[in-house]
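Working notes, structure below.
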């Protein structure tokens, strides 16, 4: 309505005792529910210094789920959790410095936080540090070191790192060029759900004339890829000599017009129901343990 301003409704303040005493199953259900339902409880736990909640809250504010996006506030929560020793928060703080989310872009700070998280063996941090090392951002460019970082993350099951190992073998970076090894790593990445691994696997299969299988993986890549990725690949697919691959290119072009560009890429703090349930258990255990030391 013209001339009428509406105030953003504040999330209700949750008492520390309410969070501490709620049955674990109910707390897990609350945190796994709609963001507007979970947010007050996550905010309460974050305020009371529980790092799992601080990381969840940072990701919610970064994504704008159930509340307006506030990257600067997200950085503050990630920093609080990182300073308390939370490894995923260190990685996310590195991402914020790398991408300029809520802070000015700073490659040196990004490498610092990725390195700290990588020291604890976090797969995403190893991958992010490898990316910075491969490109020479905030650290000396070193393909051999990047390869070893990707390999460590890949052995931890990190699908995107598997894709990069495949790329090293395909291009002959720091290793002997090996098409079969590249295919094997791309397949592992693709099966792990990485859309770039799916695309690269499909591309190699198409080059080998295995069109039916290639189309299946290319289609999977298009259906799960980001807008930036779709923008990179759709013309290559659309210009293929193979009609079935051109059809996948048409799908990529259609999705390119539909996928929103505003949301940042997610990493290790995906808000799945399982993650919320796990966080709920940790929050309650921590709350009960710290009850005597924390003043609401």
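Each reported figure results from applying straightforward, stated rules to the coordinates on display, with no laboratory input. The model shown is predicted, which means the values in this text are computed figures rather than measured ones. Glycine gets a Cβ as well: all are built from the backbone with ideal geometry, and neighbour counts include every protein chain shown.
How many angstrom separate the Cα center of segment 146-171 from the Cα center of segment 208-245?
First find each Cα centre; the distance between them is then 22 Å.
Give the distance, in whole Å, between the Cα centre of segment 70-113 and the Cα centre of segment 28-59.
18
Sorted by mean Cβ packing within 10 Å, highest first, what order do the peptides 156-167, 243-254 take?
Order by mean packing, descending: 156-167, 243-254.
What order, most packed first, do the peptides 92-100, 66-74 have when packing is the mean number of other Cβ atoms within 10 Å of each residue?
Listed from highest to lowest mean packing, they are 92-100, 66-74.
Give me the Debye-computed log₁₀ of I(q)/I(0) at q = 0.14, 0.16, 0.25 Å⁻¹ for segment 106-149, equal point scatterers on Cα only, no solvent, two decimals.
Each listed q corresponds, in turn, to -0.24, -0.31, -0.77.
Translational diffusion coefficient of segment 84-159 at 37 °C, 0.692 mPa s, Stokes-Einstein with Kirkwood Rh over Cα pairs, in µm²/s as a whole number.
Value of D from the Cα-based Kirkwood radius: 275 µm²/s.
Give the Cα extents of segment 119-201 along the principal axes, in whole Å, largest first.
Taking the Cα atoms of segment 119-201, the three principal extents are 31, 25, 18 Å.
Given segment 169-256 reduced to its alpha-carbon atoms as identical point scatterers, what log10 I(q)/I(0) does the Debye formula return at q = 0.15, 0.19, 0.22 Å⁻¹?
Per q value, in the given order, log10 I(q)/I(0) is -0.51, -0.80, -1.01.
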